[in-house]
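Here's the structure, in structure tokens; my notes come after.
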Amino acid sequence: MKHPVSVSVCNYVCYLLVTAEDLMLGKCVEVILDNRWRSARIIQTDRDEQGNYKTYKLKFDQHPQDRFDKTWDATKTDTIRFDSDIPNGAAASSSTDTGSTSGEKQMNGLDSVTTEYYNNAFGKLKTCLRYFLPPNWRVSKDDIQKLNLDEIVDFPMDEFFDQYEKGLRCLVSTFKSKADHQQAAADQLKQEVHETKQIIFDLLMLHDSGTPEMSFNDVVPYARHYLQSLPKRNDENANP
């Protein structure tokens, strides 16, 4: 039977461990994700009653948006390593070297049918990137076509499509501005035509007492007919 004092001391120590300041917050780590080491930072932790870490919430360096945050099992020590555990030079090359080796192994293990599907999908992805290429993007269409698997995996998709959307909004805004300008010009021209027809009608009423009431659409045909018949009218007036 445990002594009550010992139990109280143990509970108190556990309480201190759980409620103490979390020194893990903000620590830089690397985790294996999709067969590659990914750099991240611990932004939240979850511990059990004994103060042992159960999970870490990670924010990734390459994808800092909240939707890419992941909860990581802290007990799987083979899939996570802290800065102090990373060998010299490994941090800079791990995301490239490990991914390249993994990518080669994966490709070597594919059968001919799967390889064909892979090449087809891979080619279509690069075609999409070339099609949606934003203006002044730092990589040309020809260079995108030459990207390999590792470069596609590391491709900054968020930035790429942000730039595409900005360019698209700018283009739409330009077209809308031109359309508004053309509409204003068309409205102005329509108003001028309306006023011109009114002037023609007023002149007809002034010089031709037989001019009837008519719509604006009938003014020009009537005026044309009036001008064509004017020489005949003049002859009739000259020879009564």
THR45 is checked against (1) farther than 23 Å from VAL153 by Cα; (2) outside any strand (DSSP E or B) and fails just one. What number does that condition carry?
(2)
Given (1) aliphatic (A, V, I, L, M); (2) over 30 Å from HIS63 (Cβ atoms); (3) at pLDDT 85 or above, number of the condition ALA238 does not satisfy:
(3)
Only one of these conditions is not met by PHE201: (1) outside any loop (DSSP other than H, G, I, E, B); (2) under 50 Å from the mean Cα position of the chain (by Cα). Which number is it?
(2)
Considering residues of the stretch 149-172 that are touching a helix residue (DSSP H, G or I) at 6+ places or on another chain (Cβ under 8 Å) and part of a loop (DSSP other than H, G, I, E, B) only, the residue farthest from ASN35 (Cα to Cα)
PHE155
Across the stretch 111-148, the tally of residues that are assigned to a helix (DSSP H, G or I), open to solvent by 40 Å² or more (accessible area, probe 1.4 Å) and within 24 Å of LEU33 (Cα to Cα) stands at 6
Given the conditions (1) farther than 30 Å from PHE122 by Cβ; (2) surrounded by 10 or more Cβ atoms within 10 Å (Cβ to Cβ), which single one is not true for SER215?
(2)
Which of the following residues is modelled with pLDDT of 85 or more and open to solvent by 80 Å² or more (accessible area, probe 1.4 Å): ASP73, ASP61, ASP46?
ASP61
Among the residues of the stretch 89-103, is any at pLDDT below 85, more than 30 Å from LYS27 (Cβ to Cβ) and open to solvent by 50 Å² or more (accessible area, probe 1.4 Å)?
no
Would you confirm, using the coordinates I've provided, whether GLU195 is acidic (Asp, Glu) and modelled with pLDDT under 85?
no
If we keep only residues of the stretch 178-198 that are more than 14 Å from VAL220 (Cα to Cα) and open to solvent by less than 70 Å² (accessible area, probe 1.4 Å), then the residue nearest to the chain's Cα centre (by Cα) is ALA179
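The values are calculated or read from the model by the stated rules, or taken from the named source; none is laboratory data. Since the structure is predicted, the reported quantities are computational estimates derived from the model, not experimental observations. When we count neighbours, we look across all protein chains shown, and the Cβ atoms used for this are built from the backbone with ideal geometry, even at glycine. All accessible areas refer to the heavy atoms of the entire protein, side chains included, with ligands and DNA or RNA removed. Shrake-Rupley method; radii C 1.70, N 1.55, O 1.52, S 1.80 Å.
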